[in-house]
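Every read-out reported here was derived from the displayed coordinates using simple, explicitly stated rules and does not represent laboratory data. None of the values given here were measured: they were computed from a predicted structure. Every residue, glycine among them, receives a Cβ derived from its backbone with ideal geometry; neighbour counts consider all protein chains shown.
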Amino acid sequence: MKLGFIGTGALSAAIVTGLKTLPGDTTAVILSPRNETIAAGLAARFSDITIAADNQAVLDASDMVMLGVRPQIARDVLADLRFRPDHHVVSLIATFSRDEIAAMVGPVHRVTKALPMPMIAIRKGPTILFPPDADVAAFFGRLGKAIEVESESEFDALSVATATYASYFKYLETIHGWLSHNGVDGGRARDYVASLFAALGQAPETTPDASFAHLAADYATRGGINEQVLRELTEHGTFERFRESLGDIHKRITAAP
Ligand SMILES: NC(=O)c1ccc[n+]([C@@H]2O[C@H](COP(=O)([O-])OP(=O)(O)OC[C@H]3O[C@@H](n4cnc5c(N)ncnc54)[C@H](OP(=O)(O)O)[C@@H]3O)[C@@H](O)[C@H]2O)c1
């Protein structure tokens, strides 16, 4: 496969890094010259990477093309390009629907929306795909986990979960800050929290039949300290407010542009 990228920014770099650190990968990757520093860094670090002279040269050398530009400029950038009907376009642009992208890439029949996360650089984490596509699922499956969905409304609802990363780290920071203020060495507190939550993060995948509600109940021993924190946060409305925020994000994601 010849894989092109229009827009070589943070997310494209993460995908290329995940791909090119796969043992034995020989995929030919063609990068757009912007961002110059990121493209040059990837080409210096990995084999089978070329930097095209311009965006059209990326298309001309590629079978599959990932769109990694920001939404604000996507329409203008794509309007200048001549796509072939046999191109397979994979849009990483979060805010445009599949149909909107299809309208911007002219004769292309095969258009897939993909939402990877930055951890794809170390081949961890899920990529949501719409519509289901065996080749794109195989590609992202090698770089973590591919989750194909049948409808764009399901894609949009799943993408709401990606709005929670910062709050998750704030949760960990709150624990870390409390530990530091209570006599625990900062580095040791960080090691402890990082290792603890890496281990807890394994629980849903190692017990795939357990619901999240079941896991919460399992860890909340009656009369115990987990039960107390869970009860107090629940009584303060923390989770209800969190659910409302998710609803607000969903409205924002699905609002007409
Ligand atoms: N980062 C994420 O975690 C994430 C997650 C989900 C979806 N996305 C989506 O992925 C897309 C890229 O996000 P990002 O975080 O990678 O953004 P980014 O780091 O800003 O990358 C965008 C890249 O596009 C380049 N660019 C600007 N004008 C261009 C042109 N005319 N032709 C080709 N490339 C051009 C920019 O180069 P210069 O630096 O030279 O301007 C920049 O390197 C966005 O649409 C975003 O919605 C990102």
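List of remarks:
- Shape of the stretch 122-241, Cα gyration tensor, a/c cut at 1.5: prolate
- More than 20 Å apart - percent of Cα-Cα pairs taken over the stretch 36-153: 45 percent
- Placing dummy labels 7 Å off each Cα toward the beta-carbon, the span from Ala10 to Ala217 is 3.9 nm.
- The chain, helix-only ellipticity at 222 nm - DSSP H runs n ≥ 4, -39,500 (n - 2.57), divided by all residues, nearest 500: -15000 deg cm²/dmol
- Applying both filters, DSSP loop and at most 14 other Cβ atoms within 10 Å, to the trypsin sites (Lys or Arg not before Pro) of the stretch 73-179 gives Arg82, Lys124, Arg142.
- Spin-label model distance (nm) - Asp54 vs Ala194, 7 Å beyond Cα toward Cβ: 4.5 nm
- Other-chain or far-sequence residues with amide H under 5 Å of Ile147's (modelled H): Thr127, Ile128, Leu129
- Net length gained if the chain between Glu154 and Ala210 were fully extended (0.36 nm per residue, minus Cα distance): 17.9 nm
- Compactness ratio for the stretch 144-193: Cα radius of gyration over 2.2 N^0.38 Å (N = residue count) comes to 1.76.
- Linear extension gain, Ile175 paired with Gln228, 0.36 nm per residue minus alpha-carbon span: 17.5 nm
- Computed from label points 7 Å out along Cα-Cβ, the spacing between Ala44 and Asp80 is 2.6 nm.
- Amide H partners (placed H, <5 Å) of Lys113, local residues excluded: Ser91, Phe130
- Amide H contacts under 5 Å for Ala28: Leu3, restricted to partners 5 or more places along the chain or on a different chain, H placed in the peptide plane at 1.01 Å from N.
- Taking every Cα-Cα distance in the chain and sorting them into 10 Å bins starting at zero, the pair-distance distribution P(r) comes out as 6, 25, 30, 21, 13, 5, 0 percent.
- Taking Cα centre as origin and charging only the Cβ of basic (Lys, Arg, +1) and acidic (Asp, Glu, -1) residues, the dipole magnitude of the chain rounds to 480 debye.
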